[in-house]
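Accompanying notes for the structure given below.
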């Protein structure tokens, strides 16, 4: 069985940090009251999610062949054809993102940016009630797309006995008639992890739990509820 490396280390690191950030933020939003001090972690994870997406947008242009957006299969006819092939059991093997995962990745990244924009608008109290509904809609759509993505992976694995879910762990895919990537871009992956860690630390360091304010990039955002003086 031939194994070819198609996903570089930065892409795989992004994938899992992106997933953990969203899941963490979503769970906090659902189980913690928004007036709790813990709820602030939901917002801070949202900032980290946005930071990761900005990295991925850059890496999607300058990264390895199968990380580039130019390798994504976004033609609607290919998406329809892919779903038909899934049902028939004759799914065409793809080295990088298949049509479904290509659309899922872009939609989730787009929703992440929408969540960031609406989140900032909410803390600035810009049409707060309306924006809050849009924010929640984006979060639920993100969840639905991610669930569909995971179910698609399970379906493919069971139907074709091809565990493509592991490709985002070790970066390999089996039985492809293509040459895999030669570099792992370890330095870029290290820079991503370190920069994300530094950014997260700066968020925590810049947040004042007493006032509920976050100082970031020379700006001040009121994340927590501020008590009014009598």
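The values are calculated or read from the model by the stated rules, or taken from the named source; none is laboratory data. Worth saying up front: this structure is predicted, and the values here are computed from it rather than measured. Cβ coordinates were reconstructed from backbone atoms using ideal geometry, including for glycine residues, and neighbour counts include every protein chain displayed.
General remarks:
- Flag for residue 49 being modelled with pLDDT of 95 or more and buried (at least 19 other Cβ atoms within 10 Å of the Cβ): yes
- Residue 13 vs. criteria buried (at least 21 other Cβ atoms within 10 Å of the Cβ) and modelled with pLDDT of 95 or more: no
- Residue within segment 178-192 that is at pLDDT below 85, more than 25 Å from residue 123 (Cβ to Cβ) and surrounded by 12 or more Cβ atoms within 10 Å (Cβ to Cβ) present: yes
- Members of segment 109-156 found to be farther than 20 Å from residue 28 by Cα and more than 14 Å from the chain's Cα centre (by Cα), listed by number: 124, 125, 126, 127, 130, 148, 151, 152, 153, 154, 155, 156
- Scanning segment 70-108 for residues that are within 15 Å of residue 15 (Cβ to Cβ) and at pLDDT below 85 yields one hit, 96.
- Just one of the listed residues (151, 166, 144) is free of Cβ contacts under 8 Å to residues at least 40 places away in the same chain, under 22 Å from residue 105 (Cα atoms), exposed (fewer than 15 other Cβ atoms within 10 Å of the Cβ) and in contact with a strand residue (DSSP E or B) (Cβ under 8 Å, 6 or more places away or on another chain), namely 166.
- Flag if residue 215 is free of Cβ contacts under 8 Å to residues at least 40 places away in the same chain, farther than 26 Å from residue 4 by Cβ and part of a strand (DSSP E or B): yes
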